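Visitor: Okay, handing you the structure first.
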Amino acid sequence: MSRKPLESNDLVLQVLESPESFESIVTQYQQQLFLYILKYIPDEDIAKDIVQEAFIKMYVNIQSFDPKRPFTAWAYRITHNEMINYLRKNKRTMELNEETQYADMFDERPDLADEIDRVLQAEQLQKLLNMMPMKYREVLVLNYLEGRDYQTISCVIGKPTSTVGTRIKRAKELLKKLYVKEYGNEA
């Protein structure tokens with residue numbers, strides 16, 4: 001019989017009492033943070049390194065975590081910052097990884113024509129997202145592909161919730177303009 005995982009903030013409290021229990025945080029968050037980074041950097045080894053660095057920062061700074069705020073947002077924020085630091089140091093452009101980004105979009109097996117349409121739409125979306133400035137791309141990825149709410153996105157990107165809303169609105173408008181420019185008709 002498997003035990004139900006502890007809530008995020010309970011895990012942090014456990015780690016504060018017993019630092020060796022940090023492994024439970026790694027176990028619970030490693031895969032989702034890794035997949036998040038792969039949406040920006042398609043190199044698995046680099047993504048693993050970034051997530052590892054993020055976990056080191058989380059461990060070192062666990063005392064500074066505010067238990068009144070969601071741990072998930074704090075973990076994403078640190079991971080996001082590590083990714084940005086990596087990109088700045090390496091001056092790499094971020095291209096979304098096609099294989100991991102849309103893997104969870106195909107929960108059911110539709111008929112072949114529907115699946116081909118979905119794949120083509122996913123490829124178009126990937127191309128358009130790669131054309132967008134980072135500040136718009138990151139809010140769309142966090143909101144629509146990661147399913148994060150405005151408050152969590154606010155914590156991750158370090159901007160007020162109102163800015164998140166504005167960026168999502170502008171990002172959707174830009175996405176529509178880019179779509180019309182690339183594919184010649186309105187969606």
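The values are calculated or read from the model by the stated rules, or taken from the named source; none is laboratory data. Since the structure is predicted, the reported quantities are computational estimates derived from the model, not experimental observations. Here Cβ is always computed from backbone atoms with ideal geometry, including for glycine, and neighbour counts include all displayed protein chains.
Visitor: Do we find that I157 is touching a Leu at 6+ places or on another chain (Cβ under 6 Å) and surrounded by 13 or more Cβ atoms within 10 Å (Cβ to Cβ) in this structure?
Guide: So I157 does not fit the description; no.
Visitor: Exactly one of (1) modelled with pLDDT under 85; (2) surrounded by fewer than 11 Cβ atoms within 10 Å (Cβ to Cβ) is unmet by K181. Its number?
Guide: Every condition holds for K181 apart from (1).
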